[in-house]
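The values are calculated or read from the model by the stated rules, or taken from the named source; none is laboratory data. All of these numbers come straight from a predicted model, not from anything done at the bench. Counting neighbours? That spans all protein chains shown, and the Cβs are built from the backbone with ideal geometry, glycine included.
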Amino acid sequence: MAIEFERRYATRNEEIIAKLRAEAGAGPPIDPHMKVKRLVAELSTAMALIHGGHWSVDISHHGRFIVIAHDGY
């Protein structure tokens, strides 16, 4: 049996929006920076599983690029 906790909201509007999103099947809003970090981590893990070794990640928001590279053999 899972324990469910009631979430407290700062305002009534936040509570209403959260219920509407849940009813529509949409999850809570996601921070875009965290989404990018999660997706890059998933991709580098998949590369390690496919090719082996350690894969490093470099995200440059100023240069607007992402590099996922193998760290040697």
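Go through region 14-30 and give me each residue that's part of a loop (DSSP other than H, G, I, E, B) and either at pLDDT below 85 or surrounded by 10 or more Cβ atoms within 10 Å (Cβ to Cβ) (or both).
If the condition is that a residue be part of a loop (DSSP other than H, G, I, E, B) and either at pLDDT below 85 or surrounded by 10 or more Cβ atoms within 10 Å (Cβ to Cβ) (or both), then GLY25, ALA26, GLY27, PRO28, PRO29, ILE30 are the ones that fit.
Just the residues that are closer than 30 Å to TYR9 by Cβ and either among the basic types (Lys, Arg) or in a strand (DSSP E or B) (or both), please, taken from region 31-73.
Within region 31-73, LYS35, LYS37, ARG38 qualify.
Step by step: first the residues of region 64-73, then only those that are free of Cβ contacts under 8 Å to residues at least 24 places away in the same chain and under 21 Å from the mean Cα position of the chain (by Cα), then the one that is surrounded by the fewest Cβ atoms within 10 Å (Cβ to Cβ). Which residue is that?
It comes out as ARG64.
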